[in-house]
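What follows is calculated from the coordinates using simple rules that are stated; it is not laboratory data. Since this is a predicted model, take the numbers as computed values, not measurements. Cβ atoms come from the backbone with ideal geometry, glycine included; neighbour counts cover every protein chain shown.
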Amino acid sequence: MNNKKIAVIPGDGIGNEVIPQAVRVLEASGAPLDLTYFDWGANRYLADGTTVPPGVFEMLGRDFDAILVGAFGDPRVPSNIHAKEILLGMRFKMDLYANVRPVRLLDASLCPLKGIEPKDVDFVVIRENTEGVYVDSGGIFKQGTADEVAIQEDINSRKGVERVVRYAFEYAVHNKKADGKPRNRVLMCDKSNAMTYAGSLWQRVFKAVGAEYPQIKSEHMYVDALCMQMVRDPRKFDVIVTNNMFGDIITDVAAALQGGLGMAASGNIHPGKTSMFEPVHGSAPPLAGKNVANPMGAILTSAMMLAHLGVSDASRKIETAVLEAVRQKKTTQDVSGSLGTKEVGDWIAKQIA
């Protein structure tokens with residue numbers, strides 16, 4: 001197998017601590033990788049005003065098989081312009097339309113719900129990643145006056161909705177649960193009783209695409225009802241597909257079921273093109289430099305990246321080692337351990353090696 005070319009962008013804050021541990025684990029796994037590091041982030045922006053150099057997204061799509069990203073956000077850059085241009089730039093300009101967030105509980109001790117076992121929390125949220133209210137469409141009229149009006153537009157195209165809905169059904173067809181059982185349900189989440197125009201489009205597309213997959217059960221819930229059910233009984237869920245904003249919210253709720261944001265992985269996918277993988281947590285400036293950030297989300301993200309690239313054996317090695325670390329409490333304090341960021345990475349890398 002030819003080496004896979006990976007762009008590594010640690011970013012800001014704890015990204016500079018968790019990504020090195022993910023890389024250490026990748027190297028221990030024996031995966032055939034060539035890693036290239038990029039210094040884009042707050043430090044670079046403050047040094048020379050660079051967010052991303054010209055032509056960088058075309059370069060990433062042309063020269064790399066995948067991108068591994070840490071986190072962006074720094075209080076020294078109040079506008080977070082660098083984070084917007086780097087992270088959202090990759091999602092939008094590289095057309096990474098499916099944000100895929102697996103929600104899997106590794107050990108019952110990590111879940112805040114009573115009586116919930118690992119077999120009960122094994123679903124995936126697929127979030128539309130290039131449209132919705134995140135396209136920065138709208139404006140402010142009469143700013144600073146008593147008559148000020150702010151408009152934020154929710155953009156939904158039939159093309160955008162259809163491709164992410166189809167991705168969700170294809171994901172259900174081609175991916176099994178951790179116990180080997182098939183995924184046979186796709187639930188579309190919206191708020192179509194209030195957001196009638198966008199909701200109508202999502203409803204019609206979901207029905208039409210779902211008809212092409214008779215072996216998969218199509219389901220629907222409003223986003224408020226879904227959040228309530230998610231914390232009452234997560235066993236109800238299999239594959240969830242939703243828009244950009246609702247996906248952003250419900251995946252954070254879902255992360256709590258698996259031990260918090262420090263355990264959560266994600267991928268920003270365009271099938272057949274260079275995709276980007278990032279742990280769900282942010283840059284967490286108050287935790288930066290203290291060796292306390294949980295690296296498992298970044299490590300599991302690296303395993304997700306390998307699986308996407310077809311390097312399945314190494315991906316399984318990493319997931320197995322993380323599971324063993326959780327069982328033996330070789331974890332950071334946020335998930336009931338006593339190790340630091342680097343020590344968790346050390347332990348998992350040695351477990352694999």
| message | Over 28 Å apart: what share of the alpha carbon pairs of the stretch 112-257 falls there, rounded to a whole percent? | response | 24 percent
| task | Count the DSSP beta bridges whose two residues both fall in the stretch 112-257, then state the antiparallel fraction as a percent rounded to the nearest 5. | result | 30 percent
| task | Compute the distance in nm between two label points, each set 7 Å from the Cα along the Cα-to-Cβ direction, one at E27 and one at R235. | result | 4.5 nm
| request: Just report the Cα centroid separation between the stretch 91-124 and the stretch 320-346, whole Å. | output: 18 Å
| Cα gyration tensor shape of the chain, rounded if a/c is under 1.5, else prolate or oblate by comparing a/b with b/c | rounded
| task | Could you let me know the centre-to-centre spacing of the stretch 221-265 and the stretch 137-185, using Cα atoms, in angstrom? | result | 14 Å
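Can you list the GluC sites (Glu not before Pro) in the stretch 52-154 that are in a DSSP coil and have 12 or fewer other beta carbons within 10 angstrom? Walk me through the numbers on the way to the answer.
Values: sites: E58, E85, E128, E131, E148, E153; in loops: E131, E148, E153.
Within the stretch 52-154, the qualifying GluC sites (Glu not before Pro) (loop, at most 12 other Cβ atoms within 10 Å) are E148, E153.
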| task | Measure off 7 Å from each Cα along the Cα-to-Cβ vector at D224 and N193, then give the distance between these two points in nanometres to one decimal. | result | 0.7 nm
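Work out the FRET efficiency for K342 and K93 from their Cβ-Cβ distance, taking R0 = 35 Å, and round it to the nearest 0.05.
Numbers: r = 34 Å, r/R0 = 0.97.
Efficiency for this residue pair is about 0.55.
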| At K181 and Q328, where each label point lies 7 Å from the Cα along Cα→Cβ, what is the point-to-point distance in nanometres? | 3.0 nm
